[in-house]
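These notes are about the structure you will find just below.
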Amino acid sequence: MSIVADRLNRISPSQTIVISTRARALKAEGRDIVSLSAGEPDFPTPRNIADAAVKAIAAGQTRYTDVAGTPELRRAVAERFRLDSGLDYTLEEVIVSTGGKQVIYNAMMASLNPGDEAIIPAPCWVSYPDIVTLAEGVPVIVPCLRENDFRITAEQLEAAITPRTKWFFLNSPCNPTGVAYSAEDLRPLCDVLLRHPHVWIFTDDIYAKLAYDGFRPATFVEVEPRLRPRTLTMNGVSKAYAMTGWRIGFSGAPVELTKAMNKLQGQSTSNPCSIAQAAAVEALTGPQDFIQTMVATYQDRRDLVVSMINQARGLQCATPQGAFYVFPNIEACLGRTSPGGKTLTTDEDFVTALLEEEGVAAVHGSAFMYPGYMRISYATDTDSLRDACTRIQRFCAGIV
(Lines give C-alpha, C1' and ligand atoms only; values in the text may rest on other atoms or scores of the structure.)
Protein backbone atom coordinates (compact mmCIF):
# COMPACT_ATOMS: atom_id res chain seq x y z
CA MET A 1 0.00 0.00 0.00
CA SER A 2 1.45 3.36 -1.08
CA ILE A 3 1.93 6.09 1.51
CA VAL A 4 0.91 8.68 -1.14
CA ALA A 5 -2.79 9.51 -1.25
CA ASP A 6 -4.69 8.76 -4.45
CA ARG A 7 -5.77 12.40 -4.74
CA LEU A 8 -2.18 13.47 -5.40
CA ASN A 9 -2.02 11.19 -8.43
CA ARG A 10 -4.73 13.30 -10.04
CA ILE A 11 -2.60 16.46 -10.13
CA SER A 12 0.78 17.43 -11.56
CA PRO A 13 3.70 19.45 -10.19
CA SER A 14 3.57 23.13 -11.17
CA GLN A 15 5.24 23.24 -14.58
CA THR A 16 6.51 26.79 -14.07
CA ILE A 17 8.30 25.62 -10.93
CA VAL A 18 9.64 22.54 -12.73
CA ILE A 19 11.18 24.64 -15.51
CA SER A 20 12.60 27.22 -13.09
CA THR A 21 14.14 24.44 -10.98
CA ARG A 22 15.75 22.88 -14.05
CA ALA A 23 17.15 26.28 -15.10
CA ARG A 24 18.64 26.81 -11.64
CA ALA A 25 20.21 23.35 -11.71
CA LEU A 26 21.85 24.02 -15.08
CA LYS A 27 23.11 27.37 -13.83
CA ALA A 28 24.60 25.64 -10.76
CA GLU A 29 26.47 23.35 -13.16
CA GLY A 30 28.11 26.40 -14.70
CA ARG A 31 25.84 26.80 -17.73
CA ASP A 32 25.09 30.30 -19.00
CA ILE A 33 21.33 30.41 -18.41
CA VAL A 34 18.86 33.25 -18.90
CA SER A 35 15.66 32.29 -17.10
CA LEU A 36 12.45 33.80 -18.47
CA SER A 37 10.26 31.19 -16.82
CA ALA A 38 9.40 32.64 -13.41
CA GLY A 39 6.49 35.00 -12.81
CA GLU A 40 8.37 37.16 -10.35
CA PRO A 41 9.28 40.87 -10.42
CA ASP A 42 13.01 41.51 -10.51
CA PHE A 43 12.54 44.77 -8.59
CA PRO A 44 13.44 44.83 -4.88
CA THR A 45 10.65 45.32 -2.37
CA PRO A 46 10.40 49.11 -1.84
CA ARG A 47 12.44 50.40 1.09
CA ASN A 48 9.48 51.81 3.04
CA ILE A 49 7.80 48.40 2.98
CA ALA A 50 10.91 46.56 4.14
CA ASP A 51 11.42 49.18 6.88
CA ALA A 52 7.88 48.55 8.13
CA ALA A 53 8.76 44.89 8.58
CA VAL A 54 11.89 45.75 10.56
CA LYS A 55 9.88 48.11 12.77
CA ALA A 56 7.31 45.37 13.35
CA ILE A 57 10.02 43.00 14.56
CA ALA A 58 11.47 45.67 16.87
CA ALA A 59 7.98 46.36 18.23
CA GLY A 60 7.46 42.68 19.06
CA GLN A 61 4.79 42.02 16.45
CA THR A 62 5.95 38.42 16.25
CA ARG A 63 3.01 36.53 17.72
CA TYR A 64 -0.09 34.88 16.31
CA THR A 65 -2.67 37.16 14.75
CA ASP A 66 -6.29 36.54 13.89
CA VAL A 67 -6.48 33.65 11.42
CA ALA A 68 -7.97 35.99 8.79
CA GLY A 69 -5.23 38.58 9.30
CA THR A 70 -4.78 41.59 11.55
CA PRO A 71 -7.62 44.13 11.67
CA GLU A 72 -5.13 46.75 10.42
CA LEU A 73 -4.34 44.76 7.30
CA ARG A 74 -7.93 43.81 6.59
CA ARG A 75 -8.91 47.47 6.87
CA ALA A 76 -6.10 48.37 4.47
CA VAL A 77 -7.28 45.67 2.04
CA ALA A 78 -10.87 46.91 2.18
CA GLU A 79 -9.73 50.48 1.58
CA ARG A 80 -7.53 49.43 -1.33
CA PHE A 81 -10.46 47.58 -2.93
CA ARG A 82 -12.53 50.76 -2.53
CA LEU A 83 -9.88 53.10 -3.94
CA ASP A 84 -8.84 50.90 -6.84
CA SER A 85 -12.17 49.48 -8.02
CA GLY A 86 -14.95 51.09 -6.01
CA LEU A 87 -15.66 47.79 -4.21
CA ASP A 88 -17.14 48.03 -0.72
CA TYR A 89 -16.11 45.12 1.54
CA THR A 90 -16.48 44.91 5.32
CA LEU A 91 -13.78 43.43 7.55
CA GLU A 92 -15.86 40.25 7.92
CA GLU A 93 -15.74 39.82 4.14
CA VAL A 94 -11.94 40.09 3.90
CA ILE A 95 -9.46 37.31 4.54
CA VAL A 96 -5.67 37.45 4.27
CA SER A 97 -3.84 34.24 3.32
CA THR A 98 -0.34 32.97 2.68
CA GLY A 99 -0.23 34.15 -0.92
CA GLY A 100 -2.90 34.31 -3.59
CA LYS A 101 -2.59 30.59 -4.25
CA GLN A 102 -3.88 29.83 -0.76
CA VAL A 103 -6.89 32.05 -1.39
CA ILE A 104 -7.74 29.89 -4.40
CA TYR A 105 -7.10 26.67 -2.50
CA ASN A 106 -9.20 27.78 0.47
CA ALA A 107 -12.09 28.89 -1.73
CA MET A 108 -12.20 25.67 -3.73
CA MET A 109 -11.78 23.35 -0.74
CA ALA A 110 -14.43 25.28 1.17
CA SER A 111 -17.01 25.30 -1.62
CA LEU A 112 -16.65 22.40 -4.06
CA ASN A 113 -18.45 19.11 -3.62
CA PRO A 114 -17.41 16.05 -5.65
CA GLY A 115 -18.40 16.57 -9.28
CA ASP A 116 -18.98 20.32 -9.06
CA GLU A 117 -17.63 22.08 -12.15
CA ALA A 118 -15.40 25.12 -12.49
CA ILE A 119 -15.19 26.87 -15.85
CA ILE A 120 -11.64 27.99 -16.64
CA PRO A 121 -10.85 29.93 -19.83
CA ALA A 122 -7.59 28.82 -21.46
CA PRO A 123 -4.80 29.80 -21.72
CA CYS A 124 -4.89 29.76 -17.92
CA TRP A 125 -2.56 29.82 -14.96
CA VAL A 126 -1.17 26.34 -14.34
CA SER A 127 -2.58 25.91 -10.81
CA TYR A 128 -6.29 26.56 -11.41
CA PRO A 129 -7.18 23.12 -12.85
CA ASP A 130 -5.11 21.17 -10.33
CA ILE A 131 -6.51 23.02 -7.32
CA VAL A 132 -10.05 22.39 -8.58
CA THR A 133 -9.19 18.72 -9.10
CA LEU A 134 -7.63 18.40 -5.65
CA ALA A 135 -10.88 19.75 -4.19
CA GLU A 136 -12.72 16.93 -6.05
CA GLY A 137 -14.18 19.35 -8.55
CA VAL A 138 -14.12 19.09 -12.34
CA PRO A 139 -12.16 21.74 -14.27
CA VAL A 140 -14.00 22.64 -17.47
CA ILE A 141 -11.37 24.12 -19.79
CA VAL A 142 -12.71 26.51 -22.44
CA PRO A 143 -10.09 27.24 -25.14
CA CYS A 144 -10.25 30.91 -26.14
CA LEU A 145 -9.47 31.71 -29.74
CA ARG A 146 -6.40 33.64 -30.75
CA GLU A 147 -8.64 35.53 -33.18
CA ASN A 148 -10.53 36.86 -30.15
CA ASP A 149 -7.28 37.85 -28.40
CA PHE A 150 -7.63 34.82 -26.09
CA ARG A 151 -10.73 36.30 -24.42
CA ILE A 152 -13.67 34.06 -23.59
CA THR A 153 -16.87 35.09 -25.35
CA ALA A 154 -20.34 35.26 -23.88
CA GLU A 155 -21.36 32.46 -26.23
CA GLN A 156 -18.55 30.21 -25.01
CA LEU A 157 -19.41 30.91 -21.38
CA GLU A 158 -23.10 30.21 -21.96
CA ALA A 159 -22.30 26.90 -23.68
CA ALA A 160 -20.00 25.78 -20.86
CA ILE A 161 -22.48 26.32 -18.02
CA THR A 162 -24.33 23.23 -16.76
CA PRO A 163 -26.43 22.51 -13.66
CA ARG A 164 -23.18 21.30 -12.01
CA THR A 165 -21.28 24.54 -12.61
CA LYS A 166 -20.21 26.08 -9.29
CA TRP A 167 -17.47 28.54 -10.35
CA PHE A 168 -16.31 30.64 -13.27
CA PHE A 169 -12.68 31.77 -13.12
CA LEU A 170 -11.36 34.91 -14.77
CA ASN A 171 -7.79 36.21 -14.50
CA SER A 172 -7.35 39.75 -15.87
CA PRO A 173 -4.69 40.68 -16.84
CA CYS A 174 -4.06 37.05 -17.63
CA ASN A 175 -1.15 34.78 -16.87
CA PRO A 176 0.16 33.66 -19.40
CA THR A 177 -1.16 35.90 -22.20
CA GLY A 178 -1.21 39.36 -20.61
CA VAL A 179 -4.70 39.85 -22.07
CA ALA A 180 -6.96 42.07 -19.95
CA TYR A 181 -10.69 42.77 -19.87
CA SER A 182 -12.23 46.22 -19.97
CA ALA A 183 -15.67 47.03 -18.57
CA GLU A 184 -16.99 46.74 -22.12
CA ASP A 185 -15.44 43.26 -22.44
CA LEU A 186 -16.95 42.10 -19.14
CA ARG A 187 -20.48 43.39 -19.79
CA PRO A 188 -21.62 40.45 -22.01
CA LEU A 189 -20.11 37.95 -19.54
CA CYS A 190 -21.98 39.64 -16.71
CA ASP A 191 -25.23 39.33 -18.66
CA VAL A 192 -24.67 35.57 -19.04
CA LEU A 193 -23.86 35.16 -15.36
CA LEU A 194 -26.98 37.08 -14.33
CA ARG A 195 -29.01 34.42 -16.16
CA HIS A 196 -27.36 31.64 -14.14
CA PRO A 197 -27.65 32.49 -10.43
CA HIS A 198 -26.08 29.20 -9.30
CA VAL A 199 -22.68 30.15 -10.78
CA TRP A 200 -20.12 31.89 -8.56
CA ILE A 201 -17.35 34.10 -9.96
CA PHE A 202 -13.71 33.91 -8.97
CA THR A 203 -11.97 37.01 -10.30
CA ASP A 204 -8.19 36.92 -9.99
CA ASP A 205 -6.98 40.51 -10.17
CA ILE A 206 -3.41 39.89 -9.01
CA TYR A 207 -1.95 41.72 -12.05
CA ALA A 208 -4.55 44.51 -12.16
CA LYS A 209 -2.05 47.28 -11.42
CA LEU A 210 0.35 46.09 -14.12
CA ALA A 211 -1.40 47.42 -17.22
CA TYR A 212 0.05 49.37 -20.15
CA ASP A 213 -0.70 52.07 -22.69
CA GLY A 214 -3.20 53.71 -20.34
CA PHE A 215 -5.42 50.61 -20.23
CA ARG A 216 -7.38 50.04 -17.02
CA PRO A 217 -8.61 46.49 -16.34
CA ALA A 218 -12.10 46.22 -14.90
CA THR A 219 -13.42 43.70 -12.37
CA PHE A 220 -16.81 41.98 -12.22
CA VAL A 221 -18.50 43.60 -9.21
CA GLU A 222 -17.39 47.02 -10.43
CA VAL A 223 -19.19 46.39 -13.73
CA GLU A 224 -22.22 44.56 -12.33
CA PRO A 225 -22.92 45.10 -8.60
CA ARG A 226 -25.75 42.54 -8.76
CA LEU A 227 -23.07 39.83 -8.98
CA ARG A 228 -21.53 40.84 -5.66
CA PRO A 229 -23.40 38.21 -3.56
CA ARG A 230 -21.62 35.43 -5.50
CA THR A 231 -18.26 36.92 -6.43
CA LEU A 232 -14.87 36.43 -4.81
CA THR A 233 -12.39 39.18 -5.72
CA MET A 234 -8.77 38.13 -5.19
CA ASN A 235 -5.61 40.21 -5.14
CA GLY A 236 -2.33 40.44 -3.24
CA VAL A 237 0.94 42.28 -2.86
CA SER A 238 3.24 39.89 -4.72
CA LYS A 239 3.25 41.34 -8.24
CA ALA A 240 2.40 45.05 -7.90
CA TYR A 241 4.62 45.61 -4.86
CA ALA A 242 7.46 43.18 -5.72
CA MET A 243 6.70 41.07 -2.64
CA THR A 244 6.47 37.50 -3.95
CA GLY A 245 8.45 35.99 -1.08
CA TRP A 246 6.43 37.78 1.59
CA ARG A 247 3.46 35.51 0.76
CA ILE A 248 0.46 37.77 1.27
CA GLY A 249 -2.72 37.33 -0.75
CA PHE A 250 -6.24 38.44 0.12
CA SER A 251 -9.82 38.39 -1.02
CA GLY A 252 -13.17 40.04 -0.57
CA ALA A 253 -16.23 37.78 -0.70
CA PRO A 254 -19.63 37.26 0.94
CA VAL A 255 -19.45 36.53 4.67
CA GLU A 256 -20.61 32.91 4.38
CA LEU A 257 -17.78 31.99 2.02
CA THR A 258 -15.17 34.06 3.87
CA LYS A 259 -16.08 32.38 7.17
CA ALA A 260 -15.76 28.97 5.53
CA MET A 261 -12.33 29.87 4.16
CA ASN A 262 -11.33 31.17 7.59
CA LYS A 263 -12.43 27.88 9.17
CA LEU A 264 -10.30 25.91 6.72
CA GLN A 265 -7.30 28.20 7.11
CA GLY A 266 -7.58 27.87 10.89
CA GLN A 267 -6.99 24.14 10.54
CA SER A 268 -4.14 24.43 8.03
CA THR A 269 -1.69 27.34 8.13
CA SER A 270 -3.58 29.57 10.59
CA ASN A 271 -2.58 33.23 10.20
CA PRO A 272 -0.11 34.51 7.58
CA CYS A 273 3.27 35.69 8.85
CA SER A 274 2.76 38.61 11.23
CA ILE A 275 5.84 40.45 9.93
CA ALA A 276 4.73 40.11 6.31
CA GLN A 277 1.31 41.42 7.31
CA ALA A 278 2.86 44.56 8.81
CA ALA A 279 4.81 45.09 5.60
CA ALA A 280 1.64 44.61 3.55
CA VAL A 281 -0.14 47.32 5.54
CA GLU A 282 2.59 49.76 4.51
CA ALA A 283 2.43 48.53 0.91
CA LEU A 284 -1.30 49.13 0.63
CA THR A 285 -1.48 52.39 2.58
CA GLY A 286 1.91 53.96 1.82
CA PRO A 287 3.17 55.75 -1.32
CA GLN A 288 1.99 54.15 -4.56
CA ASP A 289 4.18 56.03 -7.05
CA PHE A 290 6.67 53.15 -7.19
CA ILE A 291 4.10 51.10 -9.10
CA GLN A 292 3.92 53.51 -12.03
CA THR A 293 7.71 53.62 -12.26
CA MET A 294 7.76 49.83 -12.39
CA VAL A 295 4.94 49.71 -14.95
CA ALA A 296 6.79 52.13 -17.24
CA THR A 297 9.88 49.90 -17.10
CA TYR A 298 7.82 46.79 -17.82
CA GLN A 299 6.16 48.48 -20.78
CA ASP A 300 9.56 49.29 -22.31
CA ARG A 301 10.65 45.70 -21.77
CA ARG A 302 7.43 44.40 -23.26
CA ASP A 303 7.94 46.44 -26.41
CA LEU A 304 11.53 45.20 -26.75
CA VAL A 305 10.57 41.53 -26.32
CA VAL A 306 7.56 41.66 -28.64
CA SER A 307 9.67 43.33 -31.35
CA MET A 308 12.55 40.87 -31.08
CA ILE A 309 10.34 37.76 -30.83
CA ASN A 310 8.45 38.81 -33.95
CA GLN A 311 11.79 38.96 -35.74
CA ALA A 312 12.47 35.31 -34.89
CA ARG A 313 11.73 32.95 -37.79
CA GLY A 314 8.48 31.06 -37.25
CA LEU A 315 7.29 32.95 -34.16
CA GLN A 316 4.28 35.24 -33.88
CA CYS A 317 3.81 37.38 -30.77
CA ALA A 318 0.89 39.66 -29.87
CA THR A 319 1.33 42.74 -27.68
CA PRO A 320 -0.14 42.11 -24.21
CA GLN A 321 -2.08 44.73 -22.26
CA GLY A 322 -0.90 43.75 -18.80
CA ALA A 323 1.03 41.43 -16.46
CA PHE A 324 4.66 40.73 -17.52
CA TYR A 325 4.40 37.88 -19.99
CA VAL A 326 4.28 37.37 -23.72
CA PHE A 327 2.75 34.24 -25.25
CA PRO A 328 4.18 33.72 -28.74
CA ASN A 329 2.85 31.14 -31.17
CA ILE A 330 5.53 28.54 -32.05
CA GLU A 331 3.45 26.18 -34.20
CA ALA A 332 5.48 26.92 -37.35
CA CYS A 333 8.54 25.47 -35.58
CA LEU A 334 6.93 22.17 -34.60
CA GLY A 335 7.31 18.98 -36.60
CA ARG A 336 10.85 20.04 -37.43
CA THR A 337 14.35 19.61 -35.96
CA SER A 338 16.22 21.89 -33.58
CA PRO A 339 19.74 23.16 -34.37
CA GLY A 340 21.06 20.51 -31.97
CA GLY A 341 19.18 17.70 -33.71
CA LYS A 342 16.20 17.30 -31.39
CA THR A 343 12.84 16.52 -32.97
CA LEU A 344 10.38 19.26 -32.04
CA THR A 345 7.11 17.36 -31.90
CA THR A 346 5.51 19.37 -29.09
CA ASP A 347 5.79 22.77 -27.47
CA GLU A 348 7.47 21.05 -24.51
CA ASP A 349 10.10 19.67 -26.90
CA PHE A 350 10.65 23.22 -28.16
CA VAL A 351 11.24 24.82 -24.75
CA THR A 352 13.37 21.88 -23.59
CA ALA A 353 15.61 22.19 -26.64
CA LEU A 354 15.75 25.97 -26.25
CA LEU A 355 16.95 25.53 -22.67
CA GLU A 356 19.47 22.79 -23.42
CA GLU A 357 20.87 24.31 -26.61
CA GLU A 358 20.69 28.05 -26.03
CA GLY A 359 20.32 28.36 -22.29
CA VAL A 360 16.98 30.19 -22.35
CA ALA A 361 14.27 29.00 -19.97
CA ALA A 362 10.66 29.50 -21.05
CA VAL A 363 7.45 27.57 -20.26
CA HIS A 364 5.55 25.53 -22.84
CA GLY A 365 1.99 26.51 -23.66
CA SER A 366 0.60 23.07 -22.79
CA ALA A 367 1.33 23.85 -19.13
CA PHE A 368 -1.29 26.60 -19.48
CA MET A 369 -3.76 24.28 -21.24
CA TYR A 370 -2.90 25.79 -24.64
CA PRO A 371 -0.42 23.84 -26.80
CA GLY A 372 1.55 25.38 -29.64
CA TYR A 373 2.77 28.37 -27.65
CA MET A 374 5.34 29.30 -25.02
CA ARG A 375 5.32 31.80 -22.19
CA ILE A 376 8.16 34.25 -21.71
CA SER A 377 8.39 36.47 -18.63
CA TYR A 378 9.90 39.91 -19.18
CA ALA A 379 10.27 40.54 -15.45
CA THR A 380 14.03 40.70 -15.75
CA ASP A 381 16.61 43.29 -16.72
CA THR A 382 16.75 44.70 -20.24
CA ASP A 383 20.22 43.41 -21.08
CA SER A 384 19.23 39.86 -20.14
CA LEU A 385 16.04 40.14 -22.18
CA ARG A 386 17.94 41.37 -25.23
CA ASP A 387 20.46 38.54 -24.83
CA ALA A 388 17.71 35.92 -24.42
CA CYS A 389 15.75 37.15 -27.44
CA THR A 390 18.91 37.12 -29.55
CA ARG A 391 19.43 33.49 -28.53
CA ILE A 392 15.81 32.67 -29.38
CA GLN A 393 16.26 34.24 -32.82
CA ARG A 394 19.40 32.16 -33.35
CA PHE A 395 17.67 28.99 -32.20
CA CYS A 396 14.70 29.53 -34.53
CA ALA A 397 16.97 30.40 -37.45
CA GLY A 398 18.67 27.01 -37.05
CA ILE A 399 15.50 24.92 -37.06
CA VAL A 400 15.23 22.70 -40.13
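The values are calculated or read from the model by the stated rules, or taken from the named source; none is laboratory data. On a predicted model such as this, the values are computed, not experimentally measured, just so you know. Note that we place each Cβ from the backbone using ideal geometry, even for glycine, and neighbour counts take in every protein chain shown. Side chains are part of the model used for accessible areas, which takes the heavy atoms of the whole protein and leaves out ligands, DNA and RNA. Shrake-Rupley method; radii C 1.70, N 1.55, O 1.52, S 1.80 Å.
From the set of residues in segment 166-176 that are assigned to a loop (DSSP other than H, G, I, E, B) and in contact with a strand residue (DSSP E or B) (Cβ under 7 Å, 6 or more places away or on another chain), which is nearest to Tyr373 (Cα to Cα)?
Just the residues of segment 166-176 that are assigned to a loop (DSSP other than H, G, I, E, B), to begin with: 172-176.
Filter once more, so that each one left must be in contact with a strand residue (DSSP E or B) (Cβ under 7 Å, 6 or more places away or on another chain): 173, 175-176.
Numbers: Pro173: 18, Asn175: 13, Pro176: 10 Å.
So, considering only residues that are assigned to a loop (DSSP other than H, G, I, E, B) and in contact with a strand residue (DSSP E or B) (Cβ under 7 Å, 6 or more places away or on another chain), the one nearest to Tyr373 (Cα to Cα) is Pro176.
Determine, yes or no, whether Ser270 is under 13 Å from Ser97 (Cα atoms), surrounded by 19 or more Cβ atoms within 10 Å (Cβ to Cβ) and at pLDDT 95 or above. So Ser270 does not fit the description; no.
For Pro217, state whether it is open to solvent by 10 Å² or more (accessible area, probe 1.4 Å) and either modelled with pLDDT under 95 or within 21 Å of the chain's Cα centre (by Cα) (or both). Criteria met by Pro217. Of all residues in segment 153-169, those satisfying the criterion of being open to solvent by 10 Å² or more (accessible area, probe 1.4 Å), of a type in the set (A, V, I, L, M, F, W, C) and in contact with a helix residue (DSSP H, G or I) (Cβ under 8 Å, 6 or more places away or on another chain) are Ala154, Ile161. Of the residues contained in segment 318-339, one or more are found to be part of a helix (DSSP H, G or I) and open to solvent by less than 30 Å² (accessible area, probe 1.4 Å). Against the numbered list (1) surrounded by 16 or more Cβ atoms within 10 Å (Cβ to Cβ); (2) of a type outside the set (Val, Ile, Thr); (3) free of Cβ contacts under 8 Å to residues at least 40 places away in the same chain, Pro13 comes up short only at (1).
Cβ-Cβ distance below 7 Å, separation of 6 or more or different chains: which pairs start in segment 144-165 with a residue that is part of a loop (DSSP other than H, G, I, E, B) and end on one that is of a type outside the set (A, V, I, L, M) and surrounded by fewer than 14 Cβ atoms within 10 Å (Cβ to Cβ)? Taking only residues 6 or more apart or on different chains, the pairs are Arg164/Gly115. Listed by first and then second residue, the pairs linking a residue in segment 38-64 that is at pLDDT 95 or above and surrounded by 15 or more Cβ atoms within 10 Å (Cβ to Cβ) to a residue that is charged (D, E, K, R) and assigned to a helix (DSSP H, G or I), with Cβ atoms under 7 Å apart and 6 or more places separating them unless they lie on different chains, are Ile49/Glu282; Ala52/Glu282.
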